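The values are calculated or read from the model by the stated rules, or taken from the named source; none is laboratory data. Nothing here was measured: the structure is a model prediction, and the numbers come from that model. Neighbour counts run over all protein chains shown; Cβ positions are idealised from the backbone, glycine included.
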Amino acid sequence: MKIVVSVVFFLLLAGCSSNMDDLQEFVERQKTIKIPPIDPLPQIKPHEIFEYNAYGLRDPFSNDLEVAEENESIVNNVIEDGKGPDLDRRKEFLESFPLDSLVMVGTYEQDDQFWGLVVDPEGTIHRVAVGHYLGHNHGEIVEINEYEIKINEWLNDGLGAWREREAAMALKED
């Protein structure tokens, strides 16, 4: 056993020799290699500042031409003399949804009055009657019959005037 330990010990000592000639030679060769210079960073050119001075002209990013075409195709009455929706009234729950996301699924008659059944985007069925409000545009229900709910909406033209528009929600058939 002493012989095996002593042989292993001598082999380990032989491996720890300080002969690093090949490493020194490699380092000297690497020092002699010429390194190409790094290209300089490109010069940053300042952008030309453009100031938009056409405040009186039509905004090139607005869709007011499309809105104007829609308004021409729909019969609207311009309301003046301060008429418009009651902005101080407390909003009803169905006014938090766009009108096109609400679906009429039925009606029923109680005490000679029609009630409409409307489903919101979350799938909840709501009972509505004449005088209730729904949709984003202050839409007031003015008539309910077996097949549709008629609504009067108020649209703000952005210039302080309100326009009244008629809309309808037809019964959804499966």
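Of the residues making up region 146-168, those that are outside any loop (DSSP other than H, G, I, E, B) and over 26 Å from the mean Cα position of the chain (by Cα) are Glu148, Ile149, Lys150, Ile151, Asn152, Trp162, Arg163, Glu164, Arg165, Glu166, Ala167, Ala168.
Of the residues making up region 143-153, none is exposed (fewer than 11 other Cβ atoms within 10 Å of the Cβ), at pLDDT 90 or above and of a type outside the set (A, V, I, L, M, F, W, C).
Return the only residue of Pro40, Pro85 being closer than 30 Å to Gly131 by Cβ and modelled with pLDDT of 70 or more.
Pro85
Within region 93-117, track down each residue that is more than 26 Å from the chain's Cα centre (by Cα) and not hydroxyl-bearing (Ser, Thr, Tyr).
The answer is Met104, Val105, Gly106, Glu109, Gln110, Asp111, Asp112, Gln113, Phe114, Trp115, Gly116, Leu117.
Residues that are over 23 Å from Glu173 (Cβ atoms), of a type in the set (Ser, Thr, Tyr) and in a strand (DSSP E or B) within region 87-138 comprise just one, Tyr133. Within this structure, Glu143 fails the test of being touching an Asp or Glu at 6+ places or on another chain (Cβ under 9 Å) and part of a strand (DSSP E or B). All but one of (1) surrounded by fewer than 13 Cβ atoms within 10 Å (Cβ to Cβ); (2) over 30 Å from the mean Cα position of the chain (by Cα) hold for Pro121; state the number of the condition that does not hold. In the conditions (1) surrounded by fewer than 13 Cβ atoms within 10 Å (Cβ to Cβ); (2) over 30 Å from the mean Cα position of the chain (by Cα), Pro121 misses (2) alone. Against the list (1) touching a residue at least 60 places away in the same chain (Cβ under 8 Å); (2) surrounded by 15 or more Cβ atoms within 10 Å (Cβ to Cβ), the condition Ala170 fails is (2).
Pairing each residue of region 146-167 that is over 16 Å from Gly131 (Cβ atoms) with any residue that is assigned to a strand (DSSP E or B) and hydroxyl-bearing (Ser, Thr, Tyr), provided the two are 6+ apart or on different chains, yields C-beta distances under 6 Å for Glu146/Thr107. Considering the conditions (1) polar (S, T, N, Q); (2) over 19 Å from Ala167 (Cβ atoms); (3) modelled with pLDDT of 85 or more, Ser96 is excluded by exactly one of them, (2).
If only residues of region 129-140 that are closer than 17 Å to Asp112 by Cβ and either in contact with a Gly (Cβ under 9 Å, 6 or more places away or on another chain) or of a type in the set (A, V, I, L, M) (or both) are counted, the one that is surrounded by the fewest Cβ atoms within 10 Å (Cβ to Cβ) is Ala129.
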